[in-house]
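Structure record follows, encoded as structure tokens.
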Amino acid sequence: QVQLVESGGGLEQPGGSLRLSCAASGSIFSIGAMAWYRQAPGKERELVARVSNVGIRNYADSVKGRFTISRDNANNAASLQMDSLKPEDTAVYYCLMTIRTMGLSPPTDYWGRGTQVTVSS
């Protein structure tokens, strides 16, 4: 059993910063890619940022230069530093990790339940 728990969302003014965290727990053997997605009301879920198991980072064009994804392999954790926030960043943010469990099952995508980020004055 694997669980991902996000934290750090909230209400922030335009131009401000927030830091999201995601911690994985359970029978984890290894973690491949870690990523953050977001879903705004009435829109499809979209990829925000991704970091591979060797540290290669990719970002959506809309957040390049403002958001930074990091991973902490020792603690099975990921974070998303969000700076220069804009109202259009308002969404529920979800953490995704590709995990192999102790039973050496094939790599499987696990999702967190999401954390709300609201950018408004």
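The values are calculated or read from the model by the stated rules, or taken from the named source; none is laboratory data. These numbers were taken from a predicted model, which means no experiment stands behind them. Cβ: placed from backbone, ideal geometry, glycine included. Neighbour counts: every protein chain shown. Calculation scope for accessible area: heavy atoms of the full protein, side chains included, ligands and nucleic acids excluded. Shrake-Rupley method; radii C 1.70, N 1.55, O 1.52, S 1.80 Å.
Summary of computed values
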read-out: Those strands (runs of 3 or more DSSP E) lying entirely in region 50-121 with at least 2 residues out of contact with any Asp or Glu (no Cβ under 8 Å at 6 or more places or on another chain) and aromatic (Phe, Trp, Tyr); value: 108-111
read-out: Filter result for Ala60 (aliphatic (A, V, I, L, M), loosely packed, with under 14 Cβ neighbours inside 10 Å and at pLDDT 95 or above); value: no
read-out: Tally, over region 79-104, of residues that are under 18 Å from Ala33 (Cβ atoms), out of contact with any Ser or Thr (no Cβ under 7 Å at 6 or more places or on another chain) and crowded, with 22+ Cβ neighbours inside 10 Å; value: 3
read-out: Near pairs, Cβ below 9 angstrom, 6+ apart or cross-chain, from region 100-119 (farther than 18 Å from Asn76 by Cα and in contact (Cβ under 8 Å) with a residue 60 or more places away in the chain) to any residue that is open to solvent by 80 Å² or more (accessible area, probe 1.4 Å) and among the hydrophobic types (A, V, I, L, M, F, W, C); value: Gln116/Leu11; Val117/Leu11; Thr118/Leu11; Val119/Leu11
